[in-house]
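First comes the structure, then the notes that go with it.
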Amino acid sequence: MMMSKIPQHIAIIMDGNGRWAKEKGLPRIAGHKKGVESIKQIAKKASQIGVKVLTLYAFSTENWSRPEKEVSFIMSLPSVFFSTFMPELIANNIQIETIGNIEALPEKTQEAIAKAKAKTAHCTGMKLCFAVNYGAEQDIVMAMNRLREEKKEGEISLIDLKSALSTSIFGANQNPDLLIRTSGEQRLSNFLLLELAYAEMYFTPVYWPDFTVEAFDKALANYAKRDRRYGGLKEDHVNEN
Ligand code: IPE
Ligand code: IPE
Ligand code: MG
């Protein structure tokens, strides 16, 4: 695969944990637990092929409406994930980031996240960003309110807005090149609405706990064949007029 065809920023809606478990006669939380293993495999692979940013949708602002037991299990996963995966994160030079309202998470979850960020702060390779308690609509509103304070009467430009979104931490890689959603659903579910303006979308029926490196390779191969035009023309057609 040509290097230029590797997406710089990949965003993934990790969906289908519950259905994966249900089909095996297991409780939904077993799917979330297994899903953590997929995260490890995909993060390592992405980092190895030179992806700069991998943003994973882990918990949406709407997911609070799930049963309390399921929510609290999900909230316990960051500490499990980071404690078992930290050596590999550091060995792969991966830096942990988050987007979303972290301050509203349970204290223990916040601590696990803060610790992981501190321990990987020196890592200069891929940014592995978890969207936790994240909603794109809320992120846009937060950005607008911040800008209103700063700008007073002044006009807000697109650059202002983009730089006030939580994804501005990715700099030039703010916009995902490729969006993957597992489990067969084909919707955005309040994920990165502005940043996905020109993203290539890839949907697969595979449930997240079954999303292997091979399945990821398929998505990358599919992306490599896409013709991204951004409203312009394909390169070999520009001189045809
Ligand atoms: C995705 O899997 C994980 C989260 C939303 C936290 P789901 O839990 O949504 O699994 P399904 O969609 O019910 O199968
Ligand atoms: C989106 O999945 C959120 C995450 C993957 C964290 P959901 O399962 O919550 O989305 P809907 O409800 O099917 O749209
Ligand atoms: Mg779901």
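The values are calculated or read from the model by the stated rules, or taken from the named source; none is laboratory data. Treat the numbers as computed from the prediction; the structure is a model and nothing was measured. Cβ coordinates were reconstructed from backbone atoms using ideal geometry, including for glycine residues, and neighbour counts include every protein chain displayed. Protein only, heavy atoms only, side chains kept; ligands, DNA and RNA dropped before computing areas. Shrake-Rupley method; radii C 1.70, N 1.55, O 1.52, S 1.80 Å.
Numbers below:
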| quantity | calculated |
| --- | --- |
| Hey, Lys152 away from ligand 3 (no atom under 16 Å from the Cβ), surrounded by fewer than 21 Cβ atoms within 10 Å (Cβ to Cβ) and more than 18 Å from Glu137 (Cα to Cα) or not | yes |
| Output for the stretch 181-218, where each listed residue is under 16 Å from Lys45 (Cα atoms), away from ligand 3 (no atom under 13 Å from the Cβ) and touching a Ser or Thr at 6+ places or on another chain (Cβ under 7 Å) | Phe211, Ala215 |
| Failed condition for Pro27, given (1) under 15 Å from the mean Cα position of the chain (by Cα); (2) open to solvent by 40 Å² or more (accessible area, probe 1.4 Å); (3) within 24 Å of Thr84 (Cα to Cα) | (1) |
| Cross-chain or 6+ apart pairs with Cβ under 7 Å, the stretch 12-29 first and free of Cβ contacts under 8 Å to residues at least 24 places away in the same chain and within 30 Å of Asn175 (Cβ to Cβ), then open to solvent by less than 70 Å² (accessible area, probe 1.4 Å) and more than 6 Å from ligand 1 (Cβ to nearest atom) | Gly18/Gly31 |
| Residue within the stretch 78-85 that is within 16 Å of ligand 3 (Cβ to nearest atom) and over 15 Å from the mean Cα position of the chain (by Cα) present | no |
| Some residue of the stretch 200-218 being closer than 30 Å to Arg146 by Cα and part of a loop (DSSP other than H, G, I, E, B) | no |
| Number of the exception - Asp15 against (1) within 16 Å of ligand 2 (Cβ to nearest atom); (2) assigned to a loop (DSSP other than H, G, I, E, B); (3) touching a Pro at 6+ places or on another chain (Cβ under 9 Å) | (3) |
| Candidate set from the stretch 47-59 (those that are open to solvent by less than 10 Å² (accessible area, probe 1.4 Å) and assigned to a strand (DSSP E or B)); member that is farthest from His32 (Cα to Cα) | Val53 |
| Residues located in the stretch 8-28, provided they are within 9 Å of ligand 1 (Cβ to nearest atom) and β-branched (Val, Ile, Thr) | Ile13 |
| One residue from Glu195, Glu137 being out of contact with any Asp or Glu (no Cβ under 9 Å at 6 or more places or on another chain), part of a loop (DSSP other than H, G, I, E, B) and either within 17 Å of Tyr57 (Cα to Cα) or not basic (Lys, Arg) (or both) | Glu195 |
| Check on Ile74, touching a Lys or Arg at 6+ places or on another chain (Cβ under 9 Å), within 15 Å of ligand 3 (Cβ to nearest atom) and not in a helix (DSSP H, G or I) | no |
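For every residue, the table says whether it meets (1) over 30 Å from Tyr198 (Cα atoms); (2) open to solvent by less than 20 Å² (accessible area, probe 1.4 Å); (3) in contact with a Lys or Arg (Cβ under 9 Å, 6 or more places away or on another chain).
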position	(1), (2), (3)
Ile13	no, yes, yes
Lys44	no, no, no
Asn63	no, no, no
Thr84	yes, no, yes
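To keep it simple, each residue is scored yes or no on (1) more than 16 Å from ligand 1 (Cβ to nearest atom); (2) surrounded by 17 or more Cβ atoms within 10 Å (Cβ to Cβ); (3) part of a loop (DSSP other than H, G, I, E, B).
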position: Phe130; (1), (2), (3): no, yes, no
position: Ala172; (1), (2), (3): yes, no, no
position: Gly184; (1), (2), (3): no, no, yes
position: Arg187; (1), (2), (3): no, no, yes
position: Leu220; (1), (2), (3): yes, yes, no
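Residue by residue, here is whether (1) in contact with a Cys (Cβ under 8 Å, 6 or more places away or on another chain); (2) open to solvent by less than 60 Å² (accessible area, probe 1.4 Å) holds:
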{"position": "Phe73", "(1), (2)": "no, yes"}
{"position": "Asn93", "(1), (2)": "yes, yes"}
{"position": "Asn101", "(1), (2)": "no, no"}
{"position": "Lys108", "(1), (2)": "no, no"}
